[in-house]
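Colleague: So that we are looking at the same thing, I have put the structure below in structure tokens.
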Amino acid sequence: MKRRGKSAAAVAYSAVLGALSLALVYVAAVVPTGNWGLVALSGVFTAAVVISVSLRAAFLCWAGVSILAFLLLPGKFCALMYAALFGLYPILKALIERLRTLWLEYILKFAFFNAAFTALYVFMRQMVLNSLPSALHRVWLLYLAANVVFLIYDFGVTKLIAFYIARIDRAIR
């Protein structure tokens, strides 16, 4: 389905994946636990749009889901997590990994993550701390743990993207 034009199939596919992403962010906002994981999983749909349609379509999908999440969700914490970090990261990951220099890729990935995590922490400090174990309430320990988890998340997203390319995208085409 790799189409650069405005084909109906590409728009529809992007919209369906955006709707699935929004549904996961909504579920994350209403369930009492697991909201970080569900919002992180919702970003995988953005990666699917990058692979199957285009970067531009993925950016529009991310923007649409972010706007709708801020308008529709009862709490804004999950919407902010999606908009600032998990929805945008797969798009930036695709751009960063075009550099083909591993150390530079990881510097840029961690720079983005720490900037986004800092924005989450500054704007929603109490929500971030309430959603994490009390042992992580020290800032330095919080950032250390968050960076380790982000490294694992990046590896997991890479594996999910490989699975999507090998199984799902091939079947769609």
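The values are calculated or read from the model by the stated rules, or taken from the named source; none is laboratory data. Just so we're clear, the structure is a prediction, and the values are computed from it rather than from any experiment. All Cβ positions, glycine included, derive from the backbone under ideal geometry; neighbour counts span all protein chains shown. Heads up: the accessible areas ignore ligands, DNA and RNA and are worked out on the full protein's heavy atoms, side chains in. Shrake-Rupley method; radii C 1.70, N 1.55, O 1.52, S 1.80 Å.
Colleague: Could you pull the accessible area for ILE67 with a 1.4 Å probe, rounded to 10 Å²?
Modeller: Around 100 Å² of this residue is reachable by solvent.
Colleague: In whole Hz, with x marking every Gly and Pro, tabulate ³J(HN,Hα) for segment 70-83 from phi via Karplus 6.51 cos²θ - 1.76 cosθ + 1.60, θ = phi - 60°.
Modeller: Here the 3J(HN,Hα) series is 5, 7, 9, 6, x, x, 8, 5, 5, 5, 5, 4, 5, 5 Hz.
Colleague: Report the relative contact order of the chain, percent, no decimals, based on alpha-carbon pairs under 8 angstrom and at least 6 residues apart. Mind dumping the intermediate values first?
Modeller: Details: 172 pairs, mean separation 37.2, N = 173.
This gives 22 percent for the chain.
Colleague: For the full complex of protein chains and a 1.4 angstrom probe, list VAL50, VAL27 by accessible area with the highest value first. All intermediate terms of the calculation are to be shown ahead of the outcome.
Modeller: Details: VAL50 20, VAL27 60 Å².
Solvent-accessible surface, decreasing: VAL27, VAL50.
Colleague: Of ALA48, PHE155, ILE165, which is farthest along the charge dipole of segment 30-173 in the positive direction, counting Lys and Arg as +1 and Asp and Glu as -1 at C-beta?
Modeller: Farthest towards the positive pole: ILE165.
Colleague: Work through the residues other than ALA47 whose Cβ is under 12 Å from its Cβ and net out their charges, Lys, Arg +1 and Asp, Glu -1. Write down the numbers at each step before the final one.
Modeller: Details: positive: LYS93, LYS159; negative: GLU97, ASP154, ASP169.
With Lys, Arg at +1 and Asp, Glu at -1, the neighbours total -1.
Colleague: Let's see if you can work this out: charge +1 on each Lys and Arg Cβ, -1 on each Asp and Glu Cβ, no other charges. What is the dipole magnitude of the chain about its Cα centre, in debye to the nearest 20? Mind showing how you got there, number by number?
Modeller: Working: 16 positive and 4 negative charges, 108 e Å.
Here the chain has a charge dipole of around 520 debye.
Colleague: Which whole-Hz couplings ³J(HN,Hα) result when phi for each residue of segment 140-155 is put into the Karplus expression 6.51 cos²θ - 1.76 cosθ + 1.60, θ = phi - 60°, listed in order with x for Gly and Pro?
Modeller: In residue order, the calculated couplings are 5, 6, 4, 5, 4, 5, 5, 5, 5, 5, 5, 4, 5, 4, 4, 4 Hz.
Colleague: Working with all protein chains in place, sort MET127, MET81 by solvent-accessible area computed with a 1.4 Å probe, largest first.
Modeller: Details: MET127 90, MET81 0 Å².
Descending accessible area places them as MET127, MET81.
Colleague: Now for a separate question. Relative contact order of segment 76-173, please, whole-number percent, based on alpha carbon pairs below 8 angstrom and at least 6 residues apart. Intermediate results must be reported in sequence, preceding the final value.
Modeller: Numbers: 27 pairs, mean separation 23.2, N = 98.
In percent, rounded to a whole number, it is 24.
Colleague: May I ask you to give the solvent-accessible area per residue for segment 40-136, in square angstrom, as obtained with a 1.4 angstrom probe?
Modeller: Details: 4490 Å² over 97 residues.
Result: 46 Å² per residue.
Colleague: Between the alpha-carbon centers of segment 14-32 and segment 108-173, tell me the distance in whole angstrom.
Modeller: Spelled out, the Cα-based centre of one part sits 17 Å from the other.
Colleague: Determine the calculated [θ] at 222 nm for the chain from helices alone, applying -39500 (n - 2.57) to every DSSP H run no shorter than 4 residues and normalising by the residue count; nearest 500 deg cm²/dmol. Display every interim value, and only then the final one.
Modeller: Values: 8 runs with 125 residues, N = 173.
Counting only the DSSP helices, I get -24000 deg cm²/dmol.
Colleague: Share of segment 103-173's accessible area from carbon and sulfur, percent, 1.4 Å?
Modeller: Values: 3380 of 4630 Å².
Its accessible area is 73 percent carbon and sulfur atoms.
Colleague: Quick one: among ALA146, ALA15, ALA57, which has the greatest mean-square fluctuation in a GNM of the chain with alpha-carbon springs under 10 angstrom?
Modeller: ALA146
Colleague: Turning to a different aspect of this structure: Which value, in Å² and to the nearest 10, is the accessible area of PHE110 when all protein chains are kept and the probe is 1.4 Å?
Modeller: 50 Å²
Colleague: With a 1.4 Å probe and all protein chains in place, put ARG173, ARG125 in order of accessible area, largest first. Walk me through the numbers before you get to the answer.
Modeller: Values: ARG173 155, ARG125 120 Å².
Greatest to least solvent exposure: ARG173, ARG125.
Colleague: Could you tell me the accessible area of LYS76 in Å² (1.4 Å probe, neighbours in place), rounded to the nearest ten?
Modeller: Roughly 80 Å² of LYS76 is accessible to a 1.4 Å probe.
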